[in-house]
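Since the structure comes first, as structure tokens, the remarks are kept for the end.
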Amino acid sequence: MLSPIQVLCSDITTLSLEPEPFASYTEADIISTVEFNHTGELLATGDKGGRVVIFQREPESKTEPFSQGEYNVYSTFQSHEPEFDYLKSLEIEEKINKIRWLPQQNAAHFLLSTNDKTIKLWKVSERDKRPEGYNLKDEEGRIKDISTVTSLQVPVLKPMDLMVEVSPRRVFANAHTYHVNSISVNSDYETYMSADDLRINLWHLDITDRSFNIVDIKPVNMEDLTEVITAAEFHPHHCNLFVYSSSKGTLRLCDMREAALCDKHSKLFEEPEDPSARSFFSEIISSVSDVKFSHSGRYLLTRDYLTAKVWDLNMESKPLETYQVHDYLRSKLCSLYENDCIFDKFECAWNGSDSVIMTGAYNNFFRMFDRNTKRDVTLEASRESSKPRAVLKPRRVCAAGGKRRKDDISVDSLDFTKKILHTAWHPTENIIAIAATNNLYIFQDKLNSEMH
């Protein structure tokens, strides 16, 4: 069994402006994406209000051994503002759909953020010195009268309080007719792709006024439309390979060496449907909401409504592993359809060694599956159970009509308004970030750090 995970730091009350533990929050405070950078030292979240908050990991302290691993707010900035498309008479939300870090090349950090239409490249840098002693400017920065300058001096850099500066470096706009659902940085570190419902575009990070369309599944007649693109990602090592998932539950692996337009896939991953299990909801629950390459590049992890699946790139006919995330909801699909929860898009994540996978569920539960031992655990991200450095207790949901044990939770008492859609795993350590509505929970497995 996976060891209990300990809480390092719970919510982001400073961001969501909650002075009281259970104060109300606004729609703009709801976290919509979570992403570690490549070293895990920085963690970025985006919310429905268009804001990005970056957390930085504290260095290890000899006097406070528990302080290592805690993440504190490093910088907060407004990434996107609400806009209006006058040609289509449509409002464009400021909500941050995805954040992706670029590998660090120098002292500064760079990240991409996107809303439904516009992708932005941001530079995050530190400044702890300021220049003083200009010849043509006074201390306030005003231009001096040249006639008053009687001598020349060499400007010097003076120490100052550390300041984190965030500045927009590129704006990639006007390339998507439909809502952007994915961005992925290529392993060549020069290009990235952005995907919407029907198209995938390839961008160069230095060029904002044009992109190359590499996938286009839009039919000539929109009445013939049968599926949409739900997620896309580049291979972690081969810059020519990428995968995209569809609302029909299929995965398509494409090779950009074959053709400029990758409408013809190299491999199609699809699980044959069991005719006896077909129902009205089959197509909805089979839609893939997220796809992630393993760190090794050998496997694909996908999430649909009820399951998480691991696919081997060398085996297209069926998934290598299938994990039931919340099979007890199968009897509740009708009510979940009526309240629109059946359309929720859950994300999934690998641990650093690809041996454990994680994904979210309802009632602020999240699930972890050990691929080696085939054991799993259900844990809860909530204020009540997540006191700092308290050990999380595994939770269990009792299916309708099933035998109920002590501390079991009935499926009828689950709160479907509390859902873990966005999760992230530290690239090398057992630290996970869980977004639960407007709170960010960061947990660390201190007891079994060699789990991966």
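If amide hydrogens are placed 1.01 Å from N in the peptide plane, which non-local residues have theirs closer than 5 Å to the one on His179?
Those qualifying (amide H under 5 Å, at least 5 residues apart or on another chain) are Asp197.
Name the residues whose placed amide hydrogens come within less than 5 Å of the amide hydrogen of Asn438, ignoring near sequence neighbours (fewer than 5 apart) on the same chain.
Correct list: Ile31.
Would you work out the relative contact order for the chain, in percent, from Cα pairs under 8 angstrom that are 6 or more residues apart?
Numbers: 1092 pairs, mean separation 66.6, N = 452.
Value for the chain: 15 percent.
Take every Cα pair under 8 Å in the range 151-258 that's 6+ residues apart, average their separations, divide by the length, and report that relative contact order as a whole percent.
Values: 176 pairs, mean separation 20.2, N = 108.
That works out to 19 percent.
Working out 0.36 nm times the residue gap between Asp407 and Lys129, then minus their Cα-Cα distance, what length gain in nm do you get to one decimal? Intermediate results must be reported in sequence, preceding the final value.
Numbers: separation 278, 0.36 × 278 = 100.08 nm, distance 5.64 nm.
Working it through step by step, the gained length comes to 94.4 nm.
If you take every residue apart from Thr226 with its C-beta less than 11 Å away from the C-beta of Thr226, what net charge results, scoring Lys and Arg +1 and Asp and Glu -1?
Working: positive: Lys248; negative: Glu223, Asp224, Glu227, Glu283.
Summing Lys and Arg as +1 and Asp and Glu as -1 gives -3.
Would you mind checking Lys95/Lys418; Lys88/Lys292; Lys267/Lys374; Lys95/Lys419; Lys218/Lys418 for any pair whose Cα atoms are more than 25 angstrom apart?
Values: Lys95/Lys418 19 Å; Lys88/Lys292 33 Å; Lys267/Lys374 28 Å; Lys95/Lys419 18 Å; Lys218/Lys418 35 Å.
Beyond 25 Å between Cα atoms: Lys88/Lys292; Lys267/Lys374; Lys218/Lys418.
For the chain, just run the numbers: alpha carbon Rg, then divide by 2.2 N^0.38 Å, N being how many residues it has. Intermediate results must be reported in sequence, preceding the final value.
Numbers: Rg = 24.0 Å, N = 452, 2.2 N^0.38 = 22.5 Å.
Cα-based Rg divided by the globular estimate yields 1.07.
Ranked highest first by the average count of other Cβ atoms within 10 Å around their residues, in what order do 180-189, 110-119 fall? Working shown, then result.
Working: 180-189: 19.6, 110-119: 23.3.
Order by mean packing, descending: 110-119, 180-189.
Please list the equivalent ellipsoid semi-axes of the range 196-240, computed as the square roots of five times the alpha-carbon gyration tensor eigenvalues, in descending order and whole angstrom. Walk me through the intermediate numbers first.
Values: eigenvalues 116, 44, 11 Å².
Over the Cα atoms of the range 196-240, the semi-axes work out to 24, 15, 8 Å.
Summing +1 for each Lys or Arg and -1 for each Asp or Glu, what net charge is found among the other residues whose Cβ lies under 11 Å from the Cβ of Arg199? All intermediate terms of the calculation are to be shown ahead of the outcome.
Working: positive: Lys218; negative: Asp196, Asp197, Asp216, Asp263.
So the environment of Arg199 carries a net charge of -3.
Hey, what number do you get for the chain at 222 nm if only DSSP H runs of n ≥ 4 count, each worth -39500 (n - 2.57), divided across all residues, to the nearest 500?
Details: 3 runs with 15 residues, N = 452.
Result for the chain, helices only: -500 deg cm²/dmol.
How much of the pair distance distribution for the range 166-316 lies past 28 Å, counting alpha-carbon pairs only, in percent? Provide the component values of the computation, followed by the final result.
Working: 2328 of 11325 pairs.
Value for the range 166-316 (Cα pairs over 28 Å): 21 percent.
Through the Karplus equation 6.51 cos²θ - 1.76 cosθ + 1.60, θ set to phi - 60°, convert the phi angles of the range 355-371 into ³J(HN,Hα) values in whole Hz; use x for Gly and Pro.
With coefficients 6.51, -1.76 and 1.60, one gets 9, 10, 10, 9, 7, x, 8, 8, 6, 6, 8, 9, 10, 10, 10, 8, 6 Hz.
Among residues other than Leu157 whose Cβ falls under 12 Å from its Cβ, what is the net charge (Lys/Arg +1, Asp/Glu -1)? Please report the intermediate quantities before stating the final value.
Working: positive: Arg127, Lys129, Arg130, Lys158; negative: Asp128, Glu132.
So the surrounding residues net to +2.
Please report, as a whole percent, how much of the solvent-accessible surface of the chain comes from carbon and sulfur atoms (probe radius 1.4 Å). Numbers along the way, then the final one.
Values: 11360 of 22600 Å².
Taking all protein chains in place, the chain shows 50 percent carbon and sulfur surface.
So what does log10 I(q)/I(0) come out to for the range 139-186 at q = 0.17, 0.25, 0.31 Å⁻¹, using the Debye formula with one equal point on every Cα and no solvent?
Calculated log10 I(q)/I(0) at the listed q: -0.84, -1.18, -1.29.
Could you give me the percent of Cα pairs per 5 Å distance bin for the range 234-336, shortest bin first, beginning at zero and ending with the bin that holds the maximum distance?
Calculated P(r), rounded to whole percents: 2, 12, 22, 24, 17, 11, 7, 4, 1, 0.
So who's got an amide H within less than 5 Å of the one on Arg169, skipping anything under 5 residues away but keeping other chains? H placed 1.01 Å off N, in plane.
Leu121, Trp122, Lys123
Could you tell me which of rounded, prolate or oblate describes the range 40-177, using a ≥ b ≥ c as the square roots of the eigenvalues of the alpha-carbon gyration tensor, with rounded for a/c under 1.5 and, failing that, prolate when a/b is larger than b/c and oblate otherwise? If you can, show how the numbers build up before the last one.
Values: a/c = 3.02, a/b = 1.30, b/c = 2.32.
In terms of gyration-tensor shape, oblate.
The values are calculated or read from the model by the stated rules, or taken from the named source; none is laboratory data. As the structure is a computational prediction, the values presented were derived from the model and not from experiment. In this analysis, Cβ positions are derived from the backbone assuming ideal geometry, glycine residues included, and neighbour counts consider all displayed protein chains. Accessible surface areas use protein heavy atoms only, side chains included; no ligands, DNA or RNA. Shrake-Rupley method; radii C 1.70, N 1.55, O 1.52, S 1.80 Å.
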